[in-house]
Amino acid sequence: MTELDRLAPPIRREAGSRDTVERVNLVELGQGVFAFTNPEVGFGYSNIGLIIDADGLTMIDSASTPEAAHATRRAVLELTAELDLPIKRVTLSSSRIPFSGGSWAFWKAAFYGSEATSDQLDAPLNRDALVRLLPQFAEAFHEEFETRPITHTIEENVWITPAAVAVPLAGESPMNLVVQAPASNVVYAGALASFGVTPLAFDGNPAQWADSLDVIAELGATVVPGHGPPGGAQDLADLRDYLRACVAVDGDVSALPSGPWDDWTDRRFDAVNVERAARLARGDTDPPQAMFELLGLA
């Protein structure tokens, strides 16, 4: 029996505390491979991954707020108490707050991300914009709120542990980072996957994002998205079709066809995604006016 074989948690259990606005479910996906998934389906209610290696723990993303991240951290340390392993690495799939907002809860860890994520995390935060985008977490975005900087940038596929491969792919932002756990046939897509939640591509490329989803489908049968429950190839296909529809309507949000996305949350992002796709098709890389309007800045 190996050390990892001694871990036998329930397939699902709650992690959280009364001092956080979020609660999460622990889902076992393979030997030493887990996801802390948010039962709330909506933008900002994001997931965190966990991969256990002999030398320590790797977290994938860090939730939207320090409170949610600290609650997950406590659950992780409880789960792995018998192994007495440190949280050694955190990979961030994006600089966006749903994925980086709780990063200081893991301040002792090394932080891995793309160069684009590193650059974006070094930029000043617009707290007023955060409150408008994520009003449910407004209290977390106080003057002391900040995110942890990247310590290790990744620009090509690389094994970051014996169990995990970091794969840079573009789409949600100029460059995102997904993590593959090949032995368990699992891929943590992070910001590049939203299942049941409308994606937000204000700084990304909807067409390129759709192509990246085809790559993710080849990396693992089980996909842990940044938002929504774990899924698979069909969920990726639905998201890909939505993004390609955003491109095809050429700036006319009213022309978006019906599809699985009819039942998704956060359809407020449709106008942003459609405008972004149309601007890029014309060679215009300016942020969408619809995003400024969404944030109350126009």
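Observations on the structure shown:
- Using the rule -39500 (n - 2.57) for each DSSP H run of four or more residues, divided by the residues of the chain, the 222 nm mean residue ellipticity is -8000 deg cm²/dmol.
- In order along the range 47-54, the phi-based Karplus estimate (6.51 cos²θ - 1.76 cosθ + 1.60, θ = phi - 60°) of 3J(HN,Hα) comes to 9, 10, x, 9, 10, 9, 10, 4 Hz; Gly and Pro are listed as x.
- Among beta bridges identified by DSSP and lying wholly in the range 4-294, the antiparallel ones come to about 65 percent.
- In plain terms, the residue of 177, 295 with the fewest other Cβ atoms within 10 Å comes first and the most crowded comes last, giving 295, 177.
- Taking the square roots of 5 times each eigenvalue of the Cα gyration tensor of the range 4-294, largest first, gives ellipsoid semi-axes of 29, 20, 18 Å.
- Kirkwood-based shape ratio for the range 136-279, expressed as Rg/Rh from alpha carbons: 0.99
Bear in mind that the values in this text are calculations on the coordinates, not laboratory data. Values in this document were obtained by computation on a predicted structure and should not be read as measured data. Neighbour counts are summed over all protein chains in view; Cβ atoms, including those assigned to glycine, are modelled from backbone coordinates with ideal geometry.
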